[in-house]
Amino acid sequence: MSGIIRNGFLLPGIPLFALVLAAACSGNPLPEAGSADERLYRAKCTTCHSWPHPQRHTAEEWDHYLKVMEGHMEKKNIAFTESEKETIRNYLHRNAR
Ligand code: HEC
């Protein structure tokens, strides 16, 4: 047997659809991008899932979700101060559907 070693380029099987999905999600930037409020929103609301776009819900719905998320954060011992809550609430209300 001749010793020719064939080095196949074994690419890891990247599921392409996952990349396409990720691209689709990041194609919709957050309002007020780069502002302090937007950065706080991203910092606080992406610990457990990616940020939901503010346009996804009405102001009333955001109030409901913020209460639910507050509970989730409490259970996980994630700090969420009154002023952070107020800032994120105002940010979501300004940009709600
Ligand atoms: C401690 C983890 C955690 C953090 C931090 C968190 N969430 Fe959630 N979020 C969840 C879980 C778990 C769900 C799944 C639904 C449920 O059980 O309430 C969820 C679901 C949601 C949903 C409903 C589904 C949807 O996409 O419409 C919204 C809206 C939401 N979160 C918004 C927020 C916002 C805004 C923040 C920041 C203030 C936030 N979350 C921070 C855990 C978290």
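Only the coordinates and a few stated rules stand behind these numbers; no lab work does. The structure presented is a predicted model; accordingly, all values stated were derived computationally and were not measured. All Cβ positions, even for glycine, are placed from backbone atoms using ideal geometry, and neighbour counts span all protein chains on display.
Things to note:
- Qualifying residue in region 68-76 (condition: among the basic types (K, R), exposed (fewer than 11 other Cβ atoms within 10 Å of the Cβ), near the ligand (Cβ under 9 Å from one of its atoms) and in a helix (DSSP H, G or I)): yes
- The set of residues in region 46-97 being aromatic (F, W, Y) and in contact with a Leu (Cβ under 8 Å, 6 or more places away or on another chain) consists of W51, W62, Y91.
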